[in-house]
Amino acid sequence: MTDTMFVKDAAKRWNISERRVSTLCREGRISGAKKQGKSWLIPVDAKKPADGRVKSGRYKKAARPVNLPLPIGISDYRLASSEYYYIDKTMMIKEFIDERPMVSLFTRPRRFGKTLNMDMLRTFFEKTDEDTSVYFRDKKIWACGQKYRDYQGKYPVIFVTFKDIKFNTWEETFNAIKDVFSKEAARHMELQSSEKCNEYEQKAFEKLLSGDVNEVELSGALLNLSSMLHKHHGTAPIIIIDEYDIPIQQGHTKNYYDKVILFMRNLFSGGLKDNRHLSYGFLTGILRVAKESIFSGLNNLTIHSVLDNKYSSYFGFTSDEVKEMAKYYGVPDKYNEICEWYDGYRFGNTEIFNPWSVINYFSNGCEPRAFWQATGSNDIIGEIISEADKEIYEKLTSLVNGETITTYIDTGVIYPQIKNNPSTIYSFLLVTGYLKVLKTTPAFNGDFMCEVSLPNREISMVYHKEILQKLNNIIPQPAAISIQEAIFSGDKEKLQRQIQTLLTQSVSSFDTAGENFYHGFMLGLCALLGGSFISSNRESGDGRYDIQLKPTRKNLPGILIELKAEKNCTEEQLKMLSKKALQQIIDKKYDVELTAAGVETIYKYGVAFSGKKVEITVG
């Protein structure tokens, strides 16, 4: 039909995305547009409808009275940048073009925008039939000048993500990786009949496309695809590998580590090491696993970890970005609360907010919660904690108490060494987002001595739930349930009996522990309880209480716990010590915060320890 055109033709003519043209058709805003099958047919003389948008990508108030939606779980750059509230991270592209490292590895915690940024790079650099410049013309990178615009849409791109490859066996994992590469091959169907590729290459491509490949053939997929794309397009491709370490972590947890390491080593070696068919490579992950020889001999690899300054502001939100976001959604007064809950990370020298939690905070009506705790697996951390000794336990509890510790940090943590060296927990906690660095001192072999602490209130809650509750060798679940019943019923005798039993049976190596240990011990018990927000060492009344449990439901009581510990106490001395602890709660008016919150019933516990003995006074 000569008097009609397709969506892609209208998109080019009007200089907007095909997605936008389809939306305008569905909304009936293009006169004469009709749907034929799955396609829209548009009159060739149709006029581009005014959509009320301005160059910044936001809508004029007259055309769009409501705010843009929040991009919860959106990792598609085109969608996020055109239909949702998007924080512009495109200057990452400029920084890369200025330096042009051959292969870059970015390690960041989960849900800090790694996949979205990699899709941004793909959309910017990839050569496609669509004019993808429309997704960048209102962004910061476009204002940087023609030098940077010339890179847009110039490269074929190989993009694979391993973020969903979490299986129990190597066979399932291998099949999943085959499927990932089969789908990526399908994005490059121009290779199927390319006259510039020989018959052998096209047969290999057909096998990859069908998924009919063995381990040896699949390990050469990056090299073969990059070679064919180079020949066909005359330009060497960019290779992007997102969440490269997910199958490796899974292999360690599920006991097929050696197999997945061997495969990954061969895959990356072919695609990234001395590959003349490679323009640039990008990888993301949580851990830098370079010491495991996955990148053996890869001397063109540049690593950007949470301790490095370069690219530090592009993963997560900066303070200025959060302030602007709060202003946009009409709640600038909430900034301090957002800081308390979701700020506190430091990547290099940049202050960073958790982007997943900030977005969910706004989406949840600005009600603060620990949104991040259920976004991934912590099996490795649980494994380390199961091997924890007294020193590690005391350091963990001191962190929960708001203290800082100084520890050796190896950002290239090695999975097989976990059980042999449980102190690697601090390195894991840092790179996975459970710690922040306050001060860094270079050590040796490129590693560091770091002063670390918990980043914010959210992580303190996550720490309680996901870290301390894994200390089951010290605090078994049945005992925790009995203690919960006793605490919330004010049953002093039952509570004292349960804690006494726990001390006697489970804490033989802590006979000479001080108040810091007992504080962590009780905090660990409370961390296993449901129905309350737990806080520790916070100001209330005329002082700072040890532990407070603020109920989340009206039928539950509030709990205040004050701890005392002395060595070699007699039974009478221990009773007096517990009474002293209770009196401190009363005298210092620690119940002010709970009373102000409308909590009707408040149990106050004075808890005294001496070795394995405990005495409790309740008020």
Unique match (being under 29 Å from TYR328 (Cβ atoms) and at pLDDT 80 or above) among SER56, SER82, SER31: SER82
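Could you say which residue among LEU283, LEU287 is at pLDDT 90 or above, outside any helix (DSSP H, G or I) and crowded, with 22+ Cβ neighbours inside 10 Å?
Numbers: LEU287 fails: at pLDDT 90 or above.
Every option except LEU283 fails the conditions.
Can you go through GLU566, GLU562 and tell me which one is over 40 Å from the mean Cα position of the chain (by Cα) and under 22 Å from GLU403 (Cβ atoms)? Even if it seems obvious, please write down each step before you answer.
On the way: GLU562 fails: over 40 Å from the mean Cα position of the chain (by Cα).
Answer to the selection: GLU566.
Taking the stated definitions as given, is GLY606 surrounded by fewer than 13 Cβ atoms within 10 Å (Cβ to Cβ) and not in a helix (DSSP H, G or I)? Before you say what the answer is, go through the steps one by one.
Values: surrounded by fewer than 13 Cβ atoms within 10 Å (Cβ to Cβ): no; not in a helix (DSSP H, G or I): yes.
No; evaluated as a whole, the condition is false for this residue.
When you look at GLY73, is it small (Gly, Ala, Ser), within 28 Å of VAL322 (Cβ to Cβ) and at pLDDT 80 or above, yes or no? Spell out the reasoning first.
Values: small (Gly, Ala, Ser): yes; within 28 Å of VAL322 (Cβ to Cβ): yes; at pLDDT 80 or above: yes.
Yes, satisfied.
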In region 542-566, residue most open to solvent (accessible area, probe 1.4 Å) [restricted to those that are at pLDDT below 85 and not in a strand (DSSP E or B)]: LYS554
The lone exception for ILE165 - which of (1) assigned to a helix (DSSP H, G or I); (2) among the aliphatic types (A, V, I, L, M); (3) more than 17 Å from GLY281 (Cβ to Cβ) it fails: (1)
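Just to be sure before I move on: is SER182 at pLDDT below 95, polar (S, T, N, Q) and either over 23 Å from GLY73 (Cβ atoms) or out of contact with any Asp or Glu (no Cβ under 8 Å at 6 or more places or on another chain) (or both) in the structure I sent?
Numbers: at pLDDT below 95: no; polar (S, T, N, Q): yes; either over 23 Å from GLY73 (Cβ atoms) or out of contact with any Asp or Glu (no Cβ under 8 Å at 6 or more places or on another chain) (or both): yes.
Against the criterion (at pLDDT below 95, polar (S, T, N, Q) and either over 23 Å from GLY73 (Cβ atoms) or out of contact with any Asp or Glu (no Cβ under 8 Å at 6 or more places or on another chain) (or both)), SER182 does not qualify.
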The lone exception for ILE384 - which of (1) in contact with a Pro (Cβ under 6 Å, 6 or more places away or on another chain); (2) part of a helix (DSSP H, G or I); (3) at pLDDT 85 or above it fails: (3)
The listed residue being under 17 Å from ILE483 (Cα atoms) and either of a type in the set (Ser, Thr, Tyr) or assigned to a helix (DSSP H, G or I) (or both), out of LEU577, LEU525, LEU582, LEU594: LEU525
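The values are calculated or read from the model by the stated rules, or taken from the named source; none is laboratory data. Treat the numbers as computed from the prediction; the structure is a model and nothing was measured. Reconstructed Cβ throughout: ideal geometry from the backbone, glycine too, with neighbour counts over all protein chains shown. Note: accessible area is taken over every heavy atom of the protein model, side chains too, but ligands, DNA and RNA are not part of it. Shrake-Rupley method; radii C 1.70, N 1.55, O 1.52, S 1.80 Å.
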